[in-house]
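Notes follow once the structure below has been shown.
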Amino acid sequence: MTGLSIAVVGAGIGGLTASLALARQGHAVTLIERRTGFSEVGAGLQLSPNASRILIRLGLGAALRRVATEPRRVVVRAIRSGEPIGQVALGAFLRERFEAPYWVVHRADLQTILLDAVRSEPGVRLVMGRSVETVEDGPGEARLAWVSAGGARETHAADLILGADGVWSKVRRALGDNSPPAYRGHVAWRATLARDAVPAELAGDETGLWLGPKGHVVHYPIAGGRLVNVVAVERTATPVDGWAAPGHRDALLGHYASAAPALRALLSGPREWLRWSLFDHPAGRLAGGRIALLGDCAHPVLPFLAQGAALAIEDAATLASLLGPERPDLARALASYEAQRLARVRRVQREARRNGRVYHAGGLVAFGRNQVMRRLGPEGMTRRYDWLYGFRAPE
Ligand SMILES: Cc1cc2nc3c(=O)[nH]c(=O)nc-3n(C[C@H](O)[C@H](O)[C@H](O)COP(=O)(O)OP(=O)(O)OC[C@H]3O[C@@H](n4cnc5c(N)ncnc54)[C@H](O)[C@@H]3O)c2cc1C
(Lines give C-alpha, C1' and ligand atoms only; values in the text may rest on other atoms or scores of the structure.)
Protein backbone atom coordinates (compact mmCIF):
# COMPACT_ATOMS: atom_id res chain seq x y z
CA MET A 1 0.00 0.00 0.00
CA THR A 2 1.26 3.47 -0.77
CA GLY A 3 0.83 6.44 1.51
CA LEU A 4 -0.72 9.80 0.67
CA SER A 5 0.97 12.80 -0.89
CA ILE A 6 0.74 15.58 1.69
CA ALA A 7 1.74 19.23 1.29
CA VAL A 8 2.53 20.88 4.63
CA VAL A 9 2.53 24.69 4.50
CA GLY A 10 4.89 26.26 7.04
CA ALA A 11 7.99 24.83 8.74
CA GLY A 12 7.39 26.21 12.21
CA ILE A 13 7.33 23.84 15.15
CA GLY A 14 3.92 22.47 14.14
CA GLY A 15 4.77 21.94 10.46
CA LEU A 16 8.13 20.31 11.23
CA THR A 17 6.63 17.94 13.81
CA ALA A 18 3.77 17.03 11.49
CA SER A 19 6.09 16.41 8.54
CA LEU A 20 8.27 14.11 10.61
CA ALA A 21 5.35 12.18 12.09
CA LEU A 22 3.51 11.86 8.76
CA ALA A 23 6.62 10.70 6.88
CA ARG A 24 7.20 8.08 9.57
CA GLN A 25 3.69 6.80 8.76
CA GLY A 26 4.79 6.23 5.17
CA HIS A 27 3.37 9.37 3.53
CA ALA A 28 5.23 11.46 0.96
CA VAL A 29 5.48 14.96 2.44
CA THR A 30 6.35 18.22 0.68
CA LEU A 31 7.09 20.85 3.33
CA ILE A 32 6.92 24.41 2.02
CA GLU A 33 8.39 27.32 3.97
CA ARG A 34 8.51 30.94 2.89
CA ARG A 35 11.62 31.82 4.85
CA THR A 36 14.95 31.18 3.10
CA GLY A 37 16.76 30.13 6.29
CA PHE A 38 16.16 29.62 9.97
CA SER A 39 17.67 32.46 11.92
CA GLU A 40 17.48 32.74 15.70
CA VAL A 41 14.13 34.47 16.06
CA GLY A 42 12.19 33.84 19.23
CA ALA A 43 13.47 32.83 22.59
CA GLY A 44 12.28 30.51 25.30
CA LEU A 45 9.63 27.91 24.79
CA GLN A 46 8.05 25.66 27.41
CA LEU A 47 7.51 22.00 26.56
CA SER A 48 5.08 20.58 29.07
CA PRO A 49 4.72 16.76 29.36
CA ASN A 50 1.84 16.62 26.86
CA ALA A 51 4.36 17.83 24.23
CA SER A 52 7.69 16.42 25.49
CA ARG A 53 6.14 12.92 25.55
CA ILE A 54 5.39 13.19 21.82
CA LEU A 55 8.82 14.51 20.90
CA ILE A 56 10.46 11.72 22.90
CA ARG A 57 8.29 9.18 21.06
CA LEU A 58 9.53 10.68 17.78
CA GLY A 59 13.08 9.84 18.90
CA LEU A 60 14.16 13.39 19.79
CA GLY A 61 14.59 12.85 23.55
CA ALA A 62 18.39 12.52 23.60
CA ALA A 63 18.95 15.63 21.46
CA LEU A 64 16.48 17.65 23.52
CA ARG A 65 17.97 16.56 26.84
CA ARG A 66 21.27 18.14 25.74
CA VAL A 67 19.74 21.60 25.31
CA ALA A 68 16.75 21.59 27.66
CA THR A 69 16.55 22.53 31.29
CA GLU A 70 14.01 21.11 33.70
CA PRO A 71 13.07 23.76 36.29
CA ARG A 72 12.27 22.35 39.72
CA ARG A 73 9.32 24.64 40.34
CA VAL A 74 7.62 27.91 39.44
CA VAL A 75 8.06 30.56 42.10
CA VAL A 76 5.23 33.10 41.96
CA ARG A 77 5.85 36.58 43.38
CA ALA A 78 4.07 39.93 43.50
CA ILE A 79 5.61 42.47 41.12
CA ARG A 80 5.53 45.45 43.49
CA SER A 81 6.50 43.92 46.83
CA GLY A 82 8.50 40.95 45.57
CA GLU A 83 6.68 38.89 48.24
CA PRO A 84 6.25 35.18 47.39
CA ILE A 85 2.64 34.29 46.54
CA GLY A 86 2.95 30.57 45.91
CA GLN A 87 4.70 27.82 44.00
CA VAL A 88 3.92 25.25 41.34
CA ALA A 89 5.80 21.93 41.48
CA LEU A 90 7.65 20.98 38.29
CA GLY A 91 10.86 18.85 38.07
CA ALA A 92 10.76 15.32 39.43
CA PHE A 93 7.21 15.62 40.84
CA LEU A 94 5.79 16.50 37.46
CA ARG A 95 7.99 14.02 35.53
CA GLU A 96 6.86 11.15 37.74
CA ARG A 97 3.21 12.15 37.72
CA PHE A 98 2.97 12.48 33.92
CA GLU A 99 5.81 10.14 32.89
CA ALA A 100 7.40 12.89 30.82
CA PRO A 101 9.45 15.99 31.69
CA TYR A 102 8.51 19.68 31.78
CA TRP A 103 11.34 21.13 29.70
CA VAL A 104 12.20 24.69 28.79
CA VAL A 105 14.25 25.18 25.64
CA HIS A 106 15.42 27.87 23.28
CA ARG A 107 12.97 28.05 20.38
CA ALA A 108 15.91 27.93 17.93
CA ASP A 109 17.27 24.73 19.58
CA LEU A 110 13.94 22.94 19.19
CA GLN A 111 13.60 24.20 15.63
CA THR A 112 17.14 22.94 14.78
CA ILE A 113 16.53 19.51 16.30
CA LEU A 114 13.26 19.13 14.40
CA LEU A 115 14.81 20.41 11.19
CA ASP A 116 17.75 17.96 11.44
CA ALA A 117 15.28 15.10 11.93
CA VAL A 118 13.15 16.26 8.99
CA ARG A 119 16.21 16.61 6.75
CA SER A 120 17.31 13.06 7.46
CA GLU A 121 13.82 11.70 6.75
CA PRO A 122 13.70 10.45 3.12
CA GLY A 123 9.91 10.86 3.03
CA VAL A 124 10.09 14.68 3.37
CA ARG A 125 11.00 17.10 0.57
CA LEU A 126 11.72 20.50 2.08
CA VAL A 127 11.07 23.47 -0.21
CA MET A 128 12.43 26.71 1.26
CA GLY A 129 11.99 30.30 0.15
CA ARG A 130 8.54 29.69 -1.35
CA SER A 131 5.46 31.51 -0.16
CA VAL A 132 2.15 29.73 -0.62
CA GLU A 133 -0.31 32.17 -2.17
CA THR A 134 -3.42 30.15 -3.00
CA VAL A 135 -4.95 26.87 -1.88
CA GLU A 136 -7.83 25.15 -3.65
CA ASP A 137 -9.69 22.05 -2.67
CA GLY A 138 -10.97 19.61 -5.28
CA PRO A 139 -12.62 16.21 -5.41
CA GLY A 140 -9.60 14.23 -6.68
CA GLU A 141 -6.77 16.40 -5.34
CA ALA A 142 -6.04 19.69 -3.62
CA ARG A 143 -3.81 22.28 -5.31
CA LEU A 144 -1.68 25.10 -4.09
CA ALA A 145 0.43 27.74 -5.78
CA TRP A 146 3.65 29.08 -4.38
CA VAL A 147 5.82 32.01 -5.39
CA SER A 148 9.60 32.13 -5.02
CA ALA A 149 11.51 35.23 -3.90
CA GLY A 150 12.30 35.93 -7.57
CA GLY A 151 8.56 35.93 -8.40
CA ALA A 152 8.41 32.51 -10.13
CA ARG A 153 5.05 30.85 -9.60
CA GLU A 154 4.55 27.07 -9.44
CA THR A 155 1.60 24.86 -8.66
CA HIS A 156 1.60 21.65 -6.68
CA ALA A 157 -1.09 18.97 -6.23
CA ALA A 158 -1.51 16.70 -3.20
CA ASP A 159 -4.00 14.31 -1.63
CA LEU A 160 -4.00 16.54 1.44
CA ILE A 161 -2.89 20.10 2.18
CA LEU A 162 -2.03 20.70 5.81
CA GLY A 163 -1.94 24.34 6.91
CA ALA A 164 0.76 24.98 9.52
CA ASP A 165 1.38 28.58 8.45
CA GLY A 166 0.88 30.31 11.77
CA VAL A 167 -1.43 32.96 13.11
CA TRP A 168 -1.69 34.94 9.83
CA SER A 169 -2.52 31.77 7.87
CA LYS A 170 -3.48 31.75 4.21
CA VAL A 171 -4.53 28.10 4.28
CA ARG A 172 -7.20 28.86 6.92
CA ARG A 173 -9.06 30.84 4.25
CA ALA A 174 -9.46 27.71 2.13
CA LEU A 175 -11.77 26.41 4.87
CA GLY A 176 -13.91 29.54 4.55
CA ASP A 177 -12.47 31.50 7.49
CA ASN A 178 -11.42 34.95 6.28
CA SER A 179 -11.64 36.74 9.61
CA PRO A 180 -8.38 38.14 11.01
CA PRO A 181 -7.03 37.19 14.46
CA ALA A 182 -7.99 39.55 17.29
CA TYR A 183 -5.46 41.65 19.18
CA ARG A 184 -5.90 41.01 22.91
CA GLY A 185 -4.42 44.22 24.30
CA HIS A 186 -0.98 42.98 25.34
CA VAL A 187 2.50 43.21 23.90
CA ALA A 188 5.20 40.79 25.09
CA TRP A 189 8.85 41.81 25.42
CA ARG A 190 11.56 39.17 25.30
CA ALA A 191 15.30 39.06 25.84
CA THR A 192 17.91 36.55 26.91
CA LEU A 193 20.85 37.23 29.15
CA ALA A 194 23.83 35.26 30.46
CA ARG A 195 22.87 33.44 33.62
CA ASP A 196 25.70 35.03 35.61
CA ALA A 197 24.28 38.48 34.76
CA VAL A 198 21.02 37.64 36.55
CA PRO A 199 20.51 38.72 40.20
CA ALA A 200 21.65 35.72 42.30
CA GLU A 201 18.25 35.20 43.95
CA LEU A 202 16.64 34.75 40.52
CA ALA A 203 19.32 32.58 38.91
CA GLY A 204 18.26 29.18 40.32
CA ASP A 205 16.89 26.13 38.49
CA GLU A 206 13.39 27.48 38.59
CA THR A 207 10.88 29.49 36.64
CA GLY A 208 10.03 32.90 38.08
CA LEU A 209 6.54 34.32 37.59
CA TRP A 210 5.75 37.86 38.76
CA LEU A 211 2.14 39.01 38.84
CA GLY A 212 0.63 42.49 38.88
CA PRO A 213 -2.37 44.39 37.52
CA LYS A 214 -0.44 46.07 34.67
CA GLY A 215 1.35 42.99 33.37
CA HIS A 216 3.43 39.99 34.36
CA VAL A 217 6.99 38.69 33.91
CA VAL A 218 8.24 35.14 33.36
CA HIS A 219 11.89 34.01 33.38
CA TYR A 220 13.63 30.64 33.23
CA PRO A 221 17.02 29.19 32.28
CA ILE A 222 17.42 27.91 28.69
CA ALA A 223 20.23 26.70 26.40
CA GLY A 224 21.29 23.98 28.85
CA GLY A 225 21.20 26.55 31.67
CA ARG A 226 23.69 29.03 30.13
CA LEU A 227 21.11 31.72 29.39
CA VAL A 228 18.03 33.07 31.08
CA ASN A 229 14.99 33.87 28.99
CA VAL A 230 12.87 36.79 30.17
CA VAL A 231 9.41 37.68 28.88
CA ALA A 232 7.60 40.75 30.21
CA VAL A 233 3.99 41.35 29.23
CA GLU A 234 2.68 44.88 29.02
CA ARG A 235 -0.94 45.97 28.65
CA THR A 236 -1.15 48.41 25.75
CA ALA A 237 -3.77 49.53 23.26
CA THR A 238 -1.58 49.43 20.15
CA PRO A 239 -0.13 46.22 18.67
CA VAL A 240 3.35 46.03 17.10
CA ASP A 241 4.19 44.30 13.80
CA GLY A 242 5.70 40.82 13.52
CA TRP A 243 7.62 38.66 15.98
CA ALA A 244 10.61 40.90 16.51
CA ALA A 245 9.77 44.61 16.80
CA PRO A 246 12.68 46.31 18.59
CA GLY A 247 12.00 47.77 22.03
CA HIS A 248 14.25 49.76 24.33
CA ARG A 249 14.97 48.86 27.94
CA ASP A 250 14.07 52.31 29.25
CA ALA A 251 10.53 52.06 27.92
CA LEU A 252 10.09 48.68 29.60
CA LEU A 253 11.58 49.92 32.86
CA GLY A 254 9.15 52.85 32.71
CA HIS A 255 6.29 50.39 32.58
CA TYR A 256 7.72 48.43 35.52
CA ALA A 257 8.81 51.55 37.46
CA SER A 258 7.31 50.38 40.77
CA ALA A 259 8.54 46.77 40.54
CA ALA A 260 10.53 45.14 43.36
CA PRO A 261 14.31 45.83 43.20
CA ALA A 262 15.25 42.26 42.17
CA LEU A 263 12.82 42.34 39.24
CA ARG A 264 14.01 45.78 38.15
CA ALA A 265 17.60 44.52 38.31
CA LEU A 266 16.64 41.60 36.06
CA LEU A 267 14.84 43.83 33.55
CA SER A 268 17.77 46.27 33.54
CA GLY A 269 20.14 43.53 32.28
CA PRO A 270 19.37 43.38 28.57
CA ARG A 271 19.61 46.67 26.68
CA GLU A 272 17.73 45.61 23.59
CA TRP A 273 14.47 43.75 23.66
CA LEU A 274 12.22 42.29 20.96
CA ARG A 275 8.46 42.61 21.10
CA TRP A 276 5.48 40.86 19.61
CA SER A 277 1.75 41.35 20.03
CA LEU A 278 -0.63 38.81 21.49
CA PHE A 279 -3.41 37.71 19.17
CA ASP A 280 -5.87 34.88 19.28
CA HIS A 281 -8.65 33.63 17.09
CA PRO A 282 -11.51 31.30 17.98
CA ALA A 283 -10.92 27.77 16.72
CA GLY A 284 -13.39 27.00 13.95
CA ARG A 285 -13.07 24.21 11.43
CA LEU A 286 -9.91 22.14 11.68
CA ALA A 287 -10.51 20.10 8.54
CA GLY A 288 -12.76 19.75 5.50
CA GLY A 289 -12.42 18.12 2.06
CA ARG A 290 -8.69 17.68 1.45
CA ILE A 291 -7.56 20.50 3.75
CA ALA A 292 -6.58 20.33 7.43
CA LEU A 293 -5.13 22.92 9.80
CA LEU A 294 -2.89 22.68 12.84
CA GLY A 295 -1.17 24.84 15.43
CA ASP A 296 -1.46 28.62 15.43
CA CYS A 297 -3.04 28.61 11.99
CA ALA A 298 -6.00 26.66 13.37
CA HIS A 299 -6.23 28.03 16.91
CA PRO A 300 -3.78 30.77 17.93
CA VAL A 301 -3.68 30.86 21.70
CA LEU A 302 -2.54 33.49 24.18
CA PRO A 303 0.76 32.47 25.80
CA PHE A 304 -0.57 32.67 29.39
CA LEU A 305 -0.72 28.89 29.67
CA ALA A 306 2.46 28.33 27.62
CA GLN A 307 0.69 25.97 25.23
CA GLY A 308 1.17 27.44 21.71
CA ALA A 309 3.88 25.03 20.63
CA ALA A 310 2.51 22.15 22.73
CA LEU A 311 -0.89 22.30 21.02
CA ALA A 312 0.74 22.33 17.57
CA ILE A 313 2.78 19.25 18.55
CA GLU A 314 -0.35 17.50 19.90
CA ASP A 315 -2.22 18.29 16.66
CA ALA A 316 0.63 16.88 14.58
CA ALA A 317 0.80 13.64 16.55
CA THR A 318 -2.98 13.17 16.54
CA LEU A 319 -3.30 13.70 12.79
CA ALA A 320 -0.38 11.38 12.02
CA SER A 321 -1.84 8.64 14.20
CA LEU A 322 -5.19 8.90 12.40
CA LEU A 323 -3.50 8.81 8.99
CA GLY A 324 -2.00 5.38 9.60
CA PRO A 325 0.51 3.60 7.37
CA GLU A 326 -2.09 1.78 5.28
CA ARG A 327 -3.68 4.14 2.72
CA PRO A 328 -6.26 5.63 5.07
CA ASP A 329 -9.83 6.77 4.50
CA LEU A 330 -8.98 10.47 4.35
CA ALA A 331 -12.49 11.83 4.95
CA ARG A 332 -12.97 9.66 8.01
CA ALA A 333 -9.50 10.44 9.40
CA LEU A 334 -10.02 14.20 9.03
CA ALA A 335 -13.46 14.05 10.64
CA SER A 336 -11.93 12.17 13.61
CA TYR A 337 -9.09 14.69 13.78
CA GLU A 338 -11.51 17.59 14.10
CA ALA A 339 -13.68 15.70 16.58
CA GLN A 340 -10.72 14.74 18.76
CA ARG A 341 -9.06 18.14 18.78
CA LEU A 342 -11.71 20.83 18.76
CA ALA A 343 -13.00 20.65 22.33
CA ARG A 344 -9.48 20.44 23.71
CA VAL A 345 -8.01 23.36 21.77
CA ARG A 346 -11.03 25.48 22.66
CA ARG A 347 -10.57 24.64 26.32
CA VAL A 348 -6.89 25.60 26.18
CA GLN A 349 -7.77 28.90 24.45
CA ARG A 350 -10.35 29.63 27.14
CA GLU A 351 -8.07 28.71 30.02
CA ALA A 352 -5.23 30.80 28.58
CA ARG A 353 -7.52 33.85 28.44
CA ARG A 354 -8.70 33.14 31.97
CA ASN A 355 -5.09 32.83 33.19
CA GLY A 356 -4.42 36.28 31.74
CA ARG A 357 -7.25 37.73 33.82
CA VAL A 358 -6.01 35.91 36.94
CA TYR A 359 -2.37 36.99 36.39
CA HIS A 360 -3.38 40.62 35.93
CA ALA A 361 -5.98 40.78 38.69
CA GLY A 362 -5.91 43.49 41.34
CA GLY A 363 -7.69 44.15 44.63
CA LEU A 364 -9.96 41.46 46.04
CA VAL A 365 -9.60 39.13 43.07
CA ALA A 366 -5.81 39.13 43.49
CA PHE A 367 -6.24 38.53 47.23
CA GLY A 368 -8.48 35.52 46.52
CA ARG A 369 -6.02 34.18 43.91
CA ASN A 370 -3.15 34.39 46.38
CA GLN A 371 -5.17 32.61 49.07
CA VAL A 372 -5.99 29.76 46.66
CA MET A 373 -2.34 29.35 45.68
CA ARG A 374 -1.25 29.18 49.30
CA ARG A 375 -3.98 26.71 50.22
CA LEU A 376 -3.27 24.38 47.30
CA GLY A 377 0.51 24.35 47.79
CA PRO A 378 3.03 23.51 45.03
CA GLU A 379 1.79 19.98 44.28
CA GLY A 380 -1.89 20.94 44.49
CA MET A 381 -1.24 23.69 41.95
CA THR A 382 0.29 21.15 39.55
CA ARG A 383 -2.55 18.64 40.02
CA ARG A 384 -5.00 21.24 38.69
CA TYR A 385 -3.40 20.67 35.31
CA ASP A 386 -3.90 16.91 35.07
CA TRP A 387 -6.32 17.49 32.18
CA LEU A 388 -3.67 19.45 30.30
CA TYR A 389 -0.39 17.66 30.95
CA GLY A 390 -1.90 14.17 31.03
CA PHE A 391 -2.84 14.29 27.32
CA ARG A 392 -1.67 11.30 25.29
CA ALA A 393 -1.92 11.30 21.51
CA PRO A 394 -3.33 8.00 20.21
CA GLU A 395 -0.49 5.59 19.28
C1 LIG B 1 9.63 33.84 13.72
C2 LIG B 1 8.77 33.38 14.88
C3 LIG B 1 9.14 33.74 16.18
C4 LIG B 1 8.33 33.36 17.26
N5 LIG B 1 8.69 33.73 18.52
C6 LIG B 1 7.93 33.37 19.56
C7 LIG B 1 8.28 33.75 20.89
O8 LIG B 1 9.30 34.41 21.12
N9 LIG B 1 7.47 33.37 21.91
C10 LIG B 1 6.33 32.63 21.67
O11 LIG B 1 5.59 32.29 22.61
N12 LIG B 1 5.98 32.23 20.44
C13 LIG B 1 6.75 32.60 19.39
N14 LIG B 1 6.39 32.20 18.14
C15 LIG B 1 5.15 31.40 17.99
C16 LIG B 1 5.32 29.95 18.35
O17 LIG B 1 6.41 29.40 17.68
C18 LIG B 1 4.03 29.29 17.96
O19 LIG B 1 2.98 29.82 18.74
C20 LIG B 1 3.99 27.80 18.19
O21 LIG B 1 5.25 27.20 18.08
C22 LIG B 1 3.02 27.14 17.19
O23 LIG B 1 3.69 27.15 15.96
P24 LIG B 1 3.13 26.89 14.52
O25 LIG B 1 4.06 25.91 13.89
O26 LIG B 1 1.68 26.57 14.53
O27 LIG B 1 3.27 28.31 13.81
P28 LIG B 1 4.54 29.24 13.61
O29 LIG B 1 5.60 28.97 14.61
O30 LIG B 1 4.04 30.62 13.49
O31 LIG B 1 5.11 28.77 12.18
C32 LIG B 1 4.48 29.09 10.95
C33 LIG B 1 5.48 28.91 9.83
O34 LIG B 1 4.80 29.08 8.59
C35 LIG B 1 5.57 29.89 7.74
N36 LIG B 1 4.63 30.53 6.79
C37 LIG B 1 3.68 31.46 7.09
N38 LIG B 1 2.99 31.78 5.98
C39 LIG B 1 3.50 31.03 4.96
C40 LIG B 1 3.19 30.91 3.60
N41 LIG B 1 2.21 31.64 3.01
N42 LIG B 1 3.92 30.04 2.82
C43 LIG B 1 4.90 29.29 3.40
N44 LIG B 1 5.25 29.38 4.70
C45 LIG B 1 4.55 30.22 5.49
C46 LIG B 1 6.25 30.86 8.70
O47 LIG B 1 7.40 31.45 8.11
C48 LIG B 1 6.60 29.94 9.86
O49 LIG B 1 7.83 29.30 9.71
C50 LIG B 1 7.15 32.58 17.03
C51 LIG B 1 6.80 32.20 15.72
C52 LIG B 1 7.60 32.60 14.64
C53 LIG B 1 7.21 32.20 13.22
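The values are calculated or read from the model by the stated rules, or taken from the named source; none is laboratory data. Quick caveat, the model's predicted, so the values are computed rather than measured. A quick note on method: Cβ atoms are made from the backbone with ideal geometry, for glycine too, and the neighbour counts reach across all protein chains shown. Surface accessibility is based on the protein's heavy atoms, side chains included, excluding ligands, DNA and RNA. Shrake-Rupley method; radii C 1.70, N 1.55, O 1.52, S 1.80 Å.
Count Lys and Arg as plus one, Asp and Glu as minus one, and take only other residues whose Cβ is under 13 Å from that of R119; the net charge is then -2.
On the principal axes of its alpha carbon atoms, segment 66-121 extends 50, 28, 14 Å, with the longest extent given first. Between M128 and R249, the FRET efficiency from the beta-carbon distance, with R0 = 35 Å, is close to 0.50. With viscosity 1.002 mPa s and temperature 20 °C, the Kirkwood radius over alpha carbon pairs of segment 1-117 converts through Stokes-Einstein to a diffusion coefficient of 133 µm²/s.
Maximal additional length on extending the A200-F38 stretch stands at 55.0 nm, based on 0.36 nm per residue less the C-alpha distance. Projecting the Cα atoms of T112, G123, A158 onto the charge dipole of segment 111-191, computed from C-beta unit charges around the Cα centre, puts T112 farthest toward the positive end. Legend: residues S321, S120, S52, sorted from most to least accessible area (1.4 Å probe; ligands, DNA and RNA excluded), read S120, S321, S52.
Each part gets one Cα centre, and for segment 1-63 versus segment 164-240 those centres are 22 Å apart. Protein heavy-atom accessible surface, 1.4 Å probe, per residue over the chain: 41 Å². On the chain, 51 percent of the accessible area sits on carbon and sulfur atoms, based on a 1.4 Å probe. Its convex hull of Cα atoms gives segment 99-191 a direction-averaged projected area, equal to a quarter of the hull surface, of 10.4 nm².
The C-alpha radius of gyration of the chain, expressed as a fraction of 2.2 N^0.38 Å, stands at 0.98.
Placing a label point 7 Å from the Cα of T2 along the Cα-to-Cβ line, the residues of segment 311-335 whose backbone N sits under 15 Å from it are 326-328.
Apply 1/(1 + (r/R0)^6) to the Cβ-Cβ distance of L193 and R95, taking R0 = 30 Å, and write down the FRET efficiency to the nearest 0.05.
On the way: r = 27 Å, r/R0 = 0.91.
The pair L193/R95 has a calculated efficiency of 0.65.
Using the rule -39500 (n - 2.57) for each DSSP H run of four or more residues, divided by the residues of the chain, the 222 nm mean residue ellipticity is -10500 deg cm²/dmol.
Equivalent ellipsoid of segment 282-335: semi-axes from √(5λ) of the C-alpha gyration tensor, largest first, are 23, 13, 6 Å.
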